[in-house]
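Student: First the structure, then my questions, so here it is.
The values are calculated or read from the model by the stated rules, or taken from the named source; none is laboratory data. A quick note: this is a predicted structure, and the numbers were derived from the prediction, not measured. So basically every Cβ, Gly included, is an ideal-geometry build from the backbone, and we count neighbours across all protein chains shown. The area values use the complete protein model at the heavy-atom level, side chains included, leaving out ligands, DNA and RNA. Shrake-Rupley method; radii C 1.70, N 1.55, O 1.52, S 1.80 Å.
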Amino acid sequence: MDPAHPVSSTQPIGVFDSGVGGLTVLAALRRRLPQESMIYLGDTARVPYGPKSPETVAAYTAEAVAYLAAQGIKLLVVACNTATVHALPTLERLYPALPILGVVEPGAAAAVAGSRSGRIAVIATEGTVRSGAYEAAIHRLRPEAAVQARACGLLVALAEEGWAEDVLAEAVLRRYLGPMFERDPRAAPDCLVLGCTHFPLFTPAIRTMFGPWVTLVDSSETVAAAAADLLAERHLARADGAAPSIRYLATDGPDRFARIASRFLGERIEPAAVEWVTLPALPTGT
């Protein structure tokens, strides 16, 4: 692995996710950085990452990122909470010259800034919750914060089925969030971190449940803001005026990827626009 990864402002941003959830991050990046070209890679052949071991997640992520790095990206956004938790140190070691952003730290910073009381709730997948990554990141910034985290894996399937605003989704949300917010309203969190990239799709339903008094932290928006800041800081923001391009890569099921991508992005994505790629395994010990 070449440690020197030269970058220029005209190169694309690489976005990686274990599947399709990171498309919410891609959408946020496109809103924030409309002039930038982007490559999205979803490891749809091996999703979900959430229940897998940290070692497996790190290995799968490294293989996917090796493929993205070979495309000549200038910034890597790890748009997967589980991959951020378990693979970021490995990626930073493998690519010391490539700017890399995960979703946990920007989300934690936004939660600390958005909570008046210091009572913060986090919903995520099983792997992210089990890692304690959000609690650790929040406590680094606000040691006295009271953080509750809950795994809400069923929401992922509902989002991918297009049922984020269905009555079934409302019932599931109440089952997950009720114990965190309704048991003792006087001690309820005033900030909720959507710690999975599928979960921003449930924002309207959550707003209906809690109203404006609960601050919602959307990990896709926070990482997009962090990406814009990092590109400006590194003088890597594109300014040549050329039309941006978007490439979609998937390791399996381009038809299903295109169908879900159309729903997540709010525009028609044709299956032919999705490139089916095979990830080469990295040498043992990489």
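Student: Could you check, for segment 160-173, whether at least one of its residues is part of a helix (DSSP H, G or I), open to solvent by 30 Å² or more (accessible area, probe 1.4 Å), touching a residue at least 24 places away in the same chain (Cβ under 8 Å) and under 18 Å from Thr82 (Cβ atoms)? Give the steps one after another, and end with the answer.
Tutor: Looking only at segment 160-173, we keep the residues that are part of a helix (DSSP H, G or I), and these are 160, 167-173.
When the remaining residues are screened for being open to solvent by 30 Å² or more (accessible area, probe 1.4 Å), the result is 160, 167-168, 170-171.
When the remaining residues are screened for being touching a residue at least 24 places away in the same chain (Cβ under 8 Å), the result is 160, 170.
In the following step, the residues that additionally are under 18 Å from Thr82 (Cβ atoms) were identified as 160.
Yes - at least one qualifying residue is present in segment 160-173.
Student: Give Ala250, Ala225 a once-over and let me know the one that is modelled with pLDDT of 90 or more and surrounded by 19 or more Cβ atoms within 10 Å (Cβ to Cβ). I'd like the intermediate steps shown before the answer.
Tutor: Working: Ala225 fails: surrounded by 19 or more Cβ atoms within 10 Å (Cβ to Cβ).
Going through Ala250, Ala225 in turn, the sole match is Ala250.
Student: Continuing with the same structure: What pairs can you find where one residue is in segment 62-82 and on the phi > 0 side of the Ramachandran plot, the other is open to solvent by 10 Å² or more (accessible area, probe 1.4 Å), and their Cβ atoms are less than 6 Å apart, with a gap of 6+ or different chains?
Tutor: Gly72/Gln11
Student: So, one more: From the set of residues in segment 262-279 that are open to solvent by 80 Å² or more (accessible area, probe 1.4 Å) and of a type outside the set (Gly, Ala, Ser), which is farthest from Gly72 (Cα to Cα)?
Tutor: To start, the set of residues in segment 262-279 that are open to solvent by 80 Å² or more (accessible area, probe 1.4 Å) comprises 263, 268, 270, 272, 276, 278.
So of that shortlist, the ones also of a type outside the set (Gly, Ala, Ser) come out as 263, 268, 270, 276, 278.
Numbers: Arg263: 28, Arg268: 27, Glu270: 25, Trp276: 18, Thr278: 17 Å.
Result: Arg263.
Student: Specify which of the listed residues (Leu155, Leu201) is open to solvent by 10 Å² or more (accessible area, probe 1.4 Å), touching a residue at least 40 places away in the same chain (Cβ under 8 Å), assigned to a helix (DSSP H, G or I) and over 19 Å from Arg119 (Cβ atoms).
Tutor: The match here is Leu201.
Student: Exactly one of these conditions fails for Arg186: (1) open to solvent by less than 30 Å² (accessible area, probe 1.4 Å); (2) part of a helix (DSSP H, G or I); (3) out of contact with any Leu (no Cβ under 6 Å at 6 or more places or on another chain). Give me its number.
Tutor: Result: Arg186 fails condition (1) only.
Student: Which members of segment 3-56 meet the condition of being in a helix (DSSP H, G or I), without any contact (Cβ under 8 Å) to a residue 60 or more places away in the chain and of a type outside the set (Ser, Thr, Tyr)? Spell out how you get there, then give the answer.
Tutor: The initial filter retains those residues of segment 3-56 that are in a helix (DSSP H, G or I), namely 23-32, 54-56.
Among the residues that remain, those that are also without any contact (Cβ under 8 Å) to a residue 60 or more places away in the chain are: 55-56.
Answer for segment 3-56, where residues must be in a helix (DSSP H, G or I), without any contact (Cβ under 8 Å) to a residue 60 or more places away in the chain and of a type outside the set (Ser, Thr, Tyr): just Glu55.
Student: What single numbered condition from (1) under 22 Å from Arg256 (Cβ atoms); (2) hydroxyl-bearing (Ser, Thr, Tyr); (3) surrounded by 24 or more Cβ atoms within 10 Å (Cβ to Cβ) fails to hold for Thr84?
Tutor: With (1) under 22 Å from Arg256 (Cβ atoms); (2) hydroxyl-bearing (Ser, Thr, Tyr); (3) surrounded by 24 or more Cβ atoms within 10 Å (Cβ to Cβ) applied to Thr84, the lone miss is (1).
Student: Then there's this: Which numbered condition in (1) of a type outside the set (S, T, N, Q); (2) assigned to a helix (DSSP H, G or I); (3) surrounded by fewer than 21 Cβ atoms within 10 Å (Cβ to Cβ) is the only one that Tyr60 fails?
Tutor: For Tyr60, the exception is condition (3).
Student: Are any residues in segment 228-250 touching a Lys or Arg at 6+ places or on another chain (Cβ under 7 Å) and either under 13 Å from Pro12 (Cβ atoms) or part of a loop (DSSP other than H, G, I, E, B) (or both), and if so, which ones?
Tutor: Kept after step one, since they are touching a Lys or Arg at 6+ places or on another chain (Cβ under 7 Å), are these residues of segment 228-250: 228, 236.
Result: Leu236, single match.
Student: Does Arg259 satisfy being open to solvent by 70 Å² or more (accessible area, probe 1.4 Å), without any contact (Cβ under 8 Å) to a residue 60 or more places away in the chain, farther than 18 Å from Val7 by Cα and within 21 Å of the chain's Cα centre (by Cα)?
Tutor: On the way: open to solvent by 70 Å² or more (accessible area, probe 1.4 Å): yes; without any contact (Cβ under 8 Å) to a residue 60 or more places away in the chain: yes; farther than 18 Å from Val7 by Cα: yes; within 21 Å of the chain's Cα centre (by Cα): yes.
Spelling it out, Arg259 is indeed open to solvent by 70 Å² or more (accessible area, probe 1.4 Å), without any contact (Cβ under 8 Å) to a residue 60 or more places away in the chain, farther than 18 Å from Val7 by Cα and within 21 Å of the chain's Cα centre (by Cα).
Student: Please go through segment 30-62 and give me each residue that is of a type outside the set (Val, Ile, Thr) and closer than 20 Å to Glu92 by Cβ, ordered by number. Give the steps one after another, and end with the answer.
Tutor: Looking only at segment 30-62, we keep the residues that are of a type outside the set (Val, Ile, Thr), and these are 30-38, 40-43, 45-46, 48-55, 58-60, 62.
Within segment 30-62, Leu41, Asp43, Tyr49, Pro54, Glu55, Ala58, Ala59, Tyr60, Ala62 qualify.
Student: If you don't mind, another one. Among the residues in segment 42-49, are any within 14 Å of the chain's Cα centre (by Cα), crowded, with 19+ Cβ neighbours inside 10 Å and at pLDDT 95 or above?
Tutor: yes
Student: Only residues in segment 177-192 that are touching a residue at least 24 places away in the same chain (Cβ under 8 Å) and under 14 Å from Ala146 (Cβ atoms) count as the first member; pair them with residues that are in a helix (DSSP H, G or I) and open to solvent by less than 50 Å² (accessible area, probe 1.4 Å), Cβ under 6 angstrom, at least 6 apart or cross-chain, and list the lot.
Tutor: If the second residue must be in a helix (DSSP H, G or I) and open to solvent by less than 50 Å² (accessible area, probe 1.4 Å), the pairs left are Ala188/Phe181; Cys191/Ala111; Cys191/Gly114.
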